[in-house]
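Everything on this sheet refers to the single structure shown next.
Just so it is clear, none of the values below were taken in a lab; they were calculated from the coordinates. The structure presented is a predicted model; accordingly, all values stated were derived computationally and were not measured. Here the Cβ is made from the backbone with ideal geometry for all residues, glycine too, and neighbour counts use every protein chain on show.
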Amino acid sequence: MNTPEMAEKAAYEALTITPRPTVILCMSDVLALGVLRVAQSLHIRVPEDLRIVGFDDIPEANRCTPSLTTVCQQSIEKGRIAARCLFDSDNPQAQLMETRLVVRRSSGDTH
């Protein structure tokens, strides 16, 4: 599930094991922001002790502290392509979309 509650539960489990991970790659920014909140509550320094990367580039990724490194996947365009494929089901075609890595503070970038 891609919910803040599930992210925080999984993050707590991951961040309280020994040895603790030094990098966590999340499949969404919602999950990554949950990891960031739990890390901060456990006094784990991001990015010094833990680097976090998300996926989506939602607006909150740039507003949190530290800002979240993420993969921008052009969600609006992805939705348009999905709708076209749904309505043109007689001629399904594979679609390749470009992504872009947005490097911010949570991965250790100094910008």
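Results, tabulated for the structure shown:
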read-out: Cα long-axis angle, helix 75-87 against the chain (0 to 90 degrees, to the nearest 10); value: 30 degrees
read-out: Order of D88, D29 - criterion: other Cβ atoms within 10 Å of each residue's Cβ, fewest first; value: D88, D29
read-out: Selected from L36, L68, L50 as most flexible by GNM, with the chain as the system and alpha-carbon contacts under 10 Å; value: L50
read-out: Lys/Arg +1, Asp/Glu -1 at C-beta; the range 4-107 dipole; positive extreme among P21, I58, T99; value: P21
read-out: 222 nm mean residue ellipticity, helices alone, for the chain (DSSP H n ≥ 4; -39,500 (n - 2.57); rounded to 500); value: -11500 deg cm²/dmol
read-out: The range 68-111: C-alpha gyration tensor shape, a/c 1.5 cut-off, then a/b vs b/c; value: prolate
read-out: Whether the range 4-107 is rounded, prolate or oblate, judged on the alpha carbon gyration tensor where a/c under 1.5 counts as rounded; value: prolate
